[in-house]
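The values are calculated or read from the model by the stated rules, or taken from the named source; none is laboratory data. None of these values were measured; they are calculated from a predicted model. Note: ideal-geometry Cβ built from the backbone for every residue, glycine included; neighbour counts use all protein chains shown.
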Amino acid sequence: MTLKHSLLALALAAGLGLALTGCGSDDEQTTDAAAATATPAEAAPATTSSATTAVPPPPELKARSFIVIDHDSGRVLAALEPDTRQEPASLTKLMTAYAVFKALKEGRIKTDDMVTISERAWRQEGSRMFIEVGKQVSVNDLLQGMIVQSGNDATVALAEKVGGTEETFVQMMNTYAKQLGMTNSHFTNSPGMPGPEHYMSARDAATLASALIHEFPEYYKLYAQREFGWNGITQQNRNGLLWRDSTVDGVKTGHTETAGYCLIASAKREGMRLVSVVLGTDSMRAREDASAALLNYGFNFFETKRVYAAGQPLTTARVWKGKDEDVGLALKRDLYVTSQRGRVGSVKAEFELPETLEAPLSSNKAVGKTRIVVDGAPVAAYDLYPATDVVQAGFFGRTWDSLRLMFR
């Protein structure tokens, strides 16, 4: 499933200090369905403490732009110019990887496929894996060359493998960016070479990183790899936080003279994952210090709790003309709340359902909406899906329900 992010679309709870996320592909617009009367579903009792101190302001960082979000809820914990278009340099390779991972997941390529290195890939300037023109290299090795060594040559080789040409692949990158809701991003090449129409915002970079972590956990682990050797040359991962902080497991560095030093970082502590983006610092150390400061700020002053599990029925609805008379209605993804530590409020779910639900029903097709209410204030809406498929009843069952519906 493609996240519009929407996962990582950010659901902010204005004035409440809370944010939530449900199914990443859910439409958040209200429907014309009649509002059904239902008892709100309550989450597990939340902790509240009047003794907690106010959250201090975010750290002051020397960067052009930055952001730190909670991966599960999408809440923005701190930001500076998060929507300004910036030169992303090699952070671009995260979108390249996303498109390659898509191709792998859909079976269009395999990790053991061999790629013949073109002259165009071999001639790439900047950071390189040092592959040779005309030689064959596996997709798996090229992925490590792109992710660990930030090789521009490996990146173009992968782009040509997936798209046929780099130009076609770049079109795919921009299509996926739109699907993820990256409204301030546009790409003109796969490695991240500078150009006036090649840009990405800090918020978009966080959205992309969070989507990649969520959709491709089996490949995300490559971002924690500290070194990779090819052609007799071993290069270290340029993300210095992998050595400084054992909870950091990614994600990607970037640098050009005009972009400055950039870093997307992610860390997981006690079940809570944060994603930070720092753009336009003046040194490798500065981007690492800034990223560490943002991550520590988020972990120290905020907490994230799951309030509803994916597939957990929040309410039940009557089904007509089906083999089952009732069906549970649930979210497609876990629902999380991020708040100041010790101050998670009460969370309830209210419902908008059609007056009549008729079989067949598919667990992959939304049939209503839930409004999430925190401390009495609605903050977000998400689609509801049948927890199970409901097949049609036999002829006599359908006929009997049709008669009953006539006299409702």
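Quick look at the values:
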item: Criterion violated by Gly126 - all others in (1) modelled with pLDDT of 95 or more; (2) of a type in the set (Gly, Ala, Ser); (3) outside any helix (DSSP H, G or I); (4) touching a Gly at 6+ places or on another chain (Cβ under 9 Å) satisfied; result: (1)
item: Residues of region 250-274 that turn out to be crowded, with 16+ Cβ neighbours inside 10 Å and over 16 Å from Ser291 (Cα atoms), as a count; result: 3
item: Long-range neighbours under 6 Å by Cβ, at least six apart or interchain, first residue surrounded by 20 or more Cβ atoms within 10 Å (Cβ to Cβ) within region 133-147, second basic (Lys, Arg); result: Met146/Lys93
item: Any hit, region 108-123, residues being in contact (Cβ under 8 Å) with a residue 24 or more places away in the chain, β-branched (Val, Ile, Thr), within 27 Å of Gly280 (Cα to Cα) and not in a strand (DSSP E or B); result: no
item: Filter pass, Val374 being farther than 30 Å from Asp70 by Cα and not assigned by TED's automatic domain parsing to the domain that holds Leu77; result: no
item: Residues that are touching a residue at least 24 places away in the same chain (Cβ under 8 Å) and either more than 21 Å from Lys252 (Cα to Cα) or of a type in the set (A, V, I, L, M) (or both), drawn from region 167-176; result: Met172, Met173
item: Residue check for Pro82: in contact with a helix residue (DSSP H, G or I) (Cβ under 6 Å, 6 or more places away or on another chain), modelled with pLDDT under 95 and either surrounded by 19 or more Cβ atoms within 10 Å (Cβ to Cβ) or of a type outside the set (Asp, Glu) (or both); result: no
item: Lone unmet requirement of (1) assigned to a loop (DSSP other than H, G, I, E, B); (2) at pLDDT 95 or above for Leu104; result: (1)
item: Region 105-126: number of residues that are crowded, with 21+ Cβ neighbours inside 10 Å and not small (Gly, Ala, Ser); result: 3
item: Region 369-390, residues that are touching a Gly at 6+ places or on another chain (Cβ under 7 Å), surrounded by fewer than 22 Cβ atoms within 10 Å (Cβ to Cβ) and among the hydrophobic types (A, V, I, L, M, F, W, C); result: Ala387
item: Residues (touching a helix residue (DSSP H, G or I) at 6+ places or on another chain (Cβ under 7 Å) and in a strand (DSSP E or B)) located in region 321-357; result: Gln340
item: Flag if Asp324 is out of contact with any Asp or Glu (no Cβ under 9 Å at 6 or more places or on another chain) and modelled with pLDDT under 95; result: yes
item: Restricting region 230-249 to residues that are small (Gly, Ala, Ser) and modelled with pLDDT of 95 or more, the residue that is surrounded by the fewest Cβ atoms within 10 Å (Cβ to Cβ); result: Ser246
